[in-house]
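The values are calculated or read from the model by the stated rules, or taken from the named source; none is laboratory data. Just so it is clear, the model here is predicted, and its values are computed rather than measured. We place every Cβ from the backbone using ideal geometry, glycine too, and count neighbours over all the protein chains shown. Please note that ligands, DNA and RNA were not included when accessible areas were found on the heavy atoms of the full protein model with its side chains. Shrake-Rupley method; radii C 1.70, N 1.55, O 1.52, S 1.80 Å.
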Amino acid sequence: MGSSDERAVLQLEDENPVRVEHFDRKASSLGTAPQRSSYDLEADDDSHKSILYSIRRNIKIFFFSNKLNILVPCGPLAILVDELTDQHGWTFILSLLGIIPLAERLGWATEQLAFFTGPTVGGLLNATFGNATELIISMYALKSGMIRVVQQSLLGSILSNTLLVLGCAFFGGGIVHSNKEQLFDKGTAGMNSGLLLMAVMCLLFPAVLHVTHTEVHFGKSELALSRFSSCIMLIAYGAYLFFQLTNQKNLYMPMAEEEDHIDGSADDEETPEISKWWSILWLSVMTLWIAVLSEYLVNTIEGASVAMNIPVAFISVVVLPIVGNAAEHAGAVMFACKDKLDISLGVAIGSSTQIAMFGIPFCVVVGWIIGSPMNLDFQMFETATLFMTVLVVAFMLQDGTSNYFKGLMLLFCYLIVAASFFVHIDPESIQDKPQKHIG
């Protein structure tokens with residue numbers, strides 16, 4: 001019995017409201033509960049079935065719509081290995097693998113929720129949750145006093161997005177569309193490049209103060225400058241968001257889609273796969289689960305560095321950002337291959353801008369609140385690496401075109417950066433000190 005029976009029940013109640021009410025009063029006066037008709041029982045049964053069907057459908061969409069979800073069991077395995085053994089290396093690896101599908105599903109749930117909130121709130125959601133994984137890991141590292149891990153992981157996220165992700169997108173798109181040069185909005189790219197250069201400037205001055213020993217109050221001026229600059233960066237990023245969300249031209253709408261939007265001839269309009277409340281539920285669950293795994297990840301970084309004989313700087317700058325952004329990396333390459341290069345730039349350069357202008361100063365302000373001396377002095381080696389990276393990317397984006405050779409150059413630059421951090425000794429890291437050779 002389906003919905004036709006439910007309509008029949010509702011119609012019967014609408015036609016005879018007095019009769020139904022009289023029957024209920026009579027039954028209650030006799031001290032007995034009113035007997036329910038077979039129509040009511042069948043309607044309730046159908047409603048229960050529809051609820052169960054909705055739960056099954058949403059779980060199926062969430063867990064079986066992406067192949068990366070095969071890595072979800074790695075999260076519980078990481079917790080078991082940490083509790084039952086002292087194998088920090090395995091705990092670290094399993095935690096990393098377990099975070100990959102969670103980060104992808106977090107981004108997916110954010111996109112689903114954006115369908116119901118409109119472009120303004122949707123843009124704010126994407127700005128907030130776009131780099132949630134890196135920020136959660138950074139918060140746990142900051143709470144544990146691992147300031148260098150926070151600095152290097154955020155720096156590595158910028159480097160991987162600007163060189164590795166953008167390089168793969170340019171290379172993949174250039175190979176697929178080898179008969180032409182792909183185009184993107186160079187105005188938007190130029191604005192993001194300007195924000196990245198501003199972030200480099202804010203990181204450069206504390207590092208120069210530290211190296212030249214020209215502080216007015218040694219050990220205090222550097223921290224005070226970092227906190228002041230962080231507040232300015234947050235205000236600037238807020239103004240950028242306001243400009244982006246109130247501007248008539250959507251900065252992250254591809255040029256081809258923008259023309260279709262103006263003409264009203266969009267061919268394939270996307271629709272949400274799940275409801276608003278299911279989106280909020282999955283968003284909350286994924287955020288909590290990433291937070292749990294991030295704690296195990298941060299606690300085993302130093303042990304994994306010793307077990308695998310890999311510098312902490314290399315793990316923080318190269319390994320963590322690549323694994324944490326694996327799903328975004330794949331998405332950027334996929335959009336570039338579909339000749340939607342503006343979306344790829346929104347993922348790569350837009351994400352780097354969020355980390356540089358929001359993630360880093362946010363961690364400084366949080367450290368200020370909890371009494372941790374988190375500052376913008378990323379050491380001279382890291383700051384110089386970021387400065388050269390932003391310059392190279394700015395030159396690559398200035399003409400608004402891309403090809404596979406530009407992508408190849410960016411990938412080669414990232415390989416050089418990764419190799420540099422593999423042989424780099426962080427002066428503040430005990431694990432990275434060279435061991436004395438015997439004999």
Review point. Given the conditions (1) at pLDDT 90 or above; (2) surrounded by fewer than 22 Cβ atoms within 10 Å (Cβ to Cβ); (3) not basic (Lys, Arg), which single one is not true for residue 119?
Key: (1)
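Does any residue of region 259-280 turn out to be open to solvent by less than 40 Å² (accessible area, probe 1.4 Å) and modelled with pLDDT of 80 or more?
First pass over region 259-280, keeping only residues open to solvent by less than 40 Å² (accessible area, probe 1.4 Å): 274, 279.
Remaining after also requiring modelled with pLDDT of 80 or more: 274, 279.
Yes.
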Revision key, fill the gap. Scanning region 160-188 for residues that are surrounded by fewer than 24 Cβ atoms within 10 Å (Cβ to Cβ) and among the aliphatic types (A, V, I, L, M) gives 175, 176, 183
Check your understanding: So which pairs qualify, if the first residue must be in region 270-282 and more than 14 Å from residue 57 (Cβ to Cβ) and of a type outside the set (Ser, Thr, Tyr), the second must be part of a loop (DSSP other than H, G, I, E, B) and open to solvent by 60 Å² or more (accessible area, probe 1.4 Å), the Cβ gap must be under 9 Å, and the two must be at least 6 apart or on different chains?
Key -> none
Review point. When residue 292 is evaluated against the numbered criteria (1) at pLDDT below 85; (2) among the hydrophobic types (A, V, I, L, M, F, W, C); (3) over 30 Å from residue 191 (Cβ atoms), which criterion, by number, is the only one it fails?
Key: (1)
**Study point:** Members of region 335-378 found to be open to solvent by 40 Å² or more (accessible area, probe 1.4 Å) and touching a Gly at 6+ places or on another chain (Cβ under 8 Å), listed by number
**Key:** 337, 339, 373
Review point. If you go through region 337-347 one residue at a time, do you hit one that is among the hydrophobic types (A, V, I, L, M, F, W, C) and closer than 30 Å to residue 90 by Cα?
Key: no
Review point. Can you pull out the residues in region 28-84 that are among the charged types (D, E, K, R), modelled with pLDDT of 80 or more and in contact with a helix residue (DSSP H, G or I) (Cβ under 7 Å, 6 or more places away or on another chain)?
Key: 82
Review point. Does residue 410 count as crowded, with 22+ Cβ neighbours inside 10 Å, in a loop (DSSP other than H, G, I, E, B) and touching a residue at least 12 places away in the same chain (Cβ under 8 Å)?
Key: no
Practice item. Would you mention how many residues in region 421-439 are open to solvent by 40 Å² or more (accessible area, probe 1.4 Å), modelled with pLDDT of 80 or more and not aromatic (Phe, Trp, Tyr)? Key: 2
Exercise for review: State all residues of region 316-330 that are touching a residue at least 24 places away in the same chain (Cβ under 8 Å) and either farther than 16 Å from residue 93 by Cα or open to solvent by less than 20 Å² (accessible area, probe 1.4 Å) (or both); if no residue qualifies, say none.
Suggested key: 316, 317, 318, 320, 321, 324, 325, 327, 328, 329
Exercise for review: Kindly indicate whether any position in region 142-152 is open to solvent by 10 Å² or more (accessible area, probe 1.4 Å), touching a residue at least 12 places away in the same chain (Cβ under 8 Å) and in contact with an Asp or Glu (Cβ under 6 Å, 6 or more places away or on another chain).
Suggested key: yes
